[in-house]
Amino acid sequence: MISKNDIIRVEITDILPDGQGICKTDDGFVLFVKSAAPGEIVDAHVMKVNKSYGYAKVERVITPSPFRISPDCTAFASCGGCVFRHITYEKELEIKKKIVDENFARIGGIDIRCEEIIPSPQRDGYRNKAQYPAALDRDGNVRFGFFSRHSHRVIPCEDCPLQPSFFAEIVYETELFCNEYKIMPYDEQTRRGLIRHLYIRDGRKSGEISVCIVATGNIPHAEALCARLIKKNANIKSIVLNINKKDTNVILGDRFITLWGKDTIKDELCGLEFEISPRSFYQVNHDGAEKLYSLAALFAEPDGKHILDLYCGTGTIGLSMARRAGKLTGVEIIAEAVENAKNNAIRNGISNADFICGDAGGAAQSLAEGGFAPGVVIVDPPRAGCSEETLDAIVRMSPERIVMISCNSASAARDCATLKNYGYDTKRLIAVDMFPRTGHVETVVLMSKK
Ligand code: SAH
């Protein structure tokens with residue numbers, strides 16, 4: 001019998017997508033060991049016990065895994081962002097590829113192997129976006145950080161290694177400002193306080209930075225904050241206040257007020273220029289996105305065809321292929337992103353593109369109704385995957401090829417299985433590691449009509 005607070009010696013045989021090591025005791029009890037590495041022997045401190053499984057943390061490493069490395073971030077043990085900072089990047093890639101394979105086999109029931117996993121050009125500092133929740137630290141100072149795993153406890157961490165170091169300087173300056181003017185962080189329990197999040201994004205190629213302060217209302221001395229920020233970093237081109245008064249987990253509220261500079265920032269991707277609003281989605285790993293999009297183009301073979309780009313955001317994927325395509329139609333639900341997409345087409349002199357604001361499923365159904373027949377459909381849905389309605393509409397349009405891009409290989413595998421039943425074979429599967437050190441990985445799938 002294993003009980004809470006036991007310390008038991010175990011051999012870690014495998015690792016989960018969330019970075020927990022797995023081991024099985026002789027009597028079949030499964031233990032999930034936080035931050036353990038595959039192939040190592042550890043003394044595990046049991047934290048929680050259920051009937052046939054339990055959770056533990058590493059008390060002591062007895063024989064380290066050959067893949068173990070020393071985590072180079074002090075917040076690693078508590079922060080919920082990275083899960084693979086304790087193993088080599090090569091091993092992380094192998095694990096992620098295996099996860100994709102397993103999802104396609106188990107959830108999709110599809111007989112295909114992930115051909116390769118393309119590594120991220122950068123392992124650290126690759127993120128062009130950070131959203132830091134605000135909280136008071138033990139000394140009563142305003143601090144920005146990240147939520148700890150599975151909770152809303154803020155771990156102060158201004159200089160997260162996934163972001164460029166100039167983000168940290170903007171965070172420090174904002175903290176100084178809040179503490180000087182006694183501007184309180186919002187407290188989810190009491191629902192009091194003003195500042196909820198600091199949201200920073202940079203255009204990696206353009207250098208332009210946008211700073212968005214998410215608060216429950218207007219912030220006093222906003223001019224002073226703007227003056228301090230632009231003095232700190234001359235690349236800041238947009239400072240925006242977002243008002244979010246709701247009792248919600250959703251970070252952004254509905255209202256954006258530009259405090260200083262432009263409403264949007266621009267960046268360059270795949271040789272094109274894009275404008276991006278704070279509300280619009282933009283791939284967080286710039287160089288990784290270029291690899292992802294070139295793979296999508298390889299699979300799509302867009303030449304001369306009409307492309308339908310569902311869940312298109314600011315139009316980046318479709319526009320990156322539009323010059324080769326006959327025509328491009330994009331669908332996206334966020335109005336600001338659609339406006340960006342339209343401007344992005346004009347900005348790049350692309351005249352064969354149009355964009356529809358609406359739900360992908362509803363819009364695709366209307367298009368199918370009207371006899372719309374694209375040669376290629378590209379889908380890049382959020383983590384939950386495509387709706388049944390979307391998949392049904394795609395099948396009704398009967399494209400030669402479907403290219404599915406997904407940040408969640410489990411929902412991608414499920415959707416590919418649905419499309420398989422409708423007559424689409426999964427031909428190619430490649431993973432692109434857009435999110436080193438975290439448990440996430442991007443997959444690109446090519447499907448074609450049987
Ligand atoms: N392809 C884009 C965006 C991918 S992220 C890029 O590479 O940048 C997924 C996008 O789907 C987001 O822009 C999100 O706003 C949008 N989205 C979410 N739900 C949607 C829905 N039901 N219908 C249409 N778009 C949706």
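The values are calculated or read from the model by the stated rules, or taken from the named source; none is laboratory data. All values derive from a computational prediction rather than experimental measurement. Using ideal geometry, Cβ is built from the backbone for each residue, glycine included, and neighbour counts are taken over all protein chains shown. Protein only, heavy atoms only, side chains kept; ligands, DNA and RNA dropped before computing areas. Shrake-Rupley method; radii C 1.70, N 1.55, O 1.52, S 1.80 Å.
Listing for the model above:
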quantity	calculated
Stretchable slack from E180 to D139, in nm (0.36 nm times residue separation minus alpha-carbon distance)	13.3 nm
Exposure rank, largest accessible area first [L136, L308; 1.4 Å]	L136, L308
Top positive-direction residue, dipole computed over segment 1-83 with Cβ charges, set L31, I62, G80	G80
Spacing of the two label points (7 Å from each Cα toward its C-beta) at E116 and H152, in nm	4.5
Potential lengthening between A417 and R60 on full extension [0.36 nm per residue; Cα-Cα distance subtracted]	124.2 nm
Rounded FRET efficiency, nearest 0.05, which uses the C-beta distance separating R396 from L298 and R0 of 25 Å	0.45
Whole-angstrom gap from segment 123-139 to segment 337-364, using each part's C-alpha centre	32
D18-M1 pseudo-label distance in nm [points 7 Å out on the Cα-to-Cβ vector]	2.7
Residue-span extension gain [E273 to V250] - 0.36 nm each, minus C-alpha spacing	5.4 nm
Paramagnetic reach from K48 in segment 132-152 [backbone N under 19 Å; point 7 Å along Cα→Cβ]	147-152
Heavy atoms of Y311 accessible to a 1.4 Å probe, total area in Å² rounded to 10	50
Label point distance in nm, Y172-K327, each placed 7 Å from Cα along Cα→Cβ	5.5
Tensor-based shape of segment 7-68 (alpha-carbon gyration tensor, a/c under 1.5 rounded, otherwise prolate or oblate)	prolate
Antiparallel content of DSSP bridges confined to the chain, in %, to 5	65
Span from the segment 209-286 Cα centroid across to the segment 392-415 one, whole angstrom	33
Per-pair calculated FRET efficiency, R0 = 25 Å: N218 and K262 via Cβ, rounded to 0.05	0.80
Nonlocal amide H pairs with R196, under 5 Å, H built at 1.01 Å	Y186, V214, A215, T216
Carbon + sulfur, % of accessible area of the chain - ligands and nucleic acids excluded, 1.4 Å	50
Under 30 Å from K245, Cα to Cα: lysines that are on another chain or at least 8 residues apart	K129, K182, K231, K232, K237, K262, K266
For segment 7-68, accessible area per residue (1.4 Å probe, heavy atoms of protein chains only), Å²	53
Ranked by how many other beta carbons lie within 10 Å on average, peptides 260-272, 404-416, 206-218, 101-113 from highest	404-416, 206-218, 260-272, 101-113
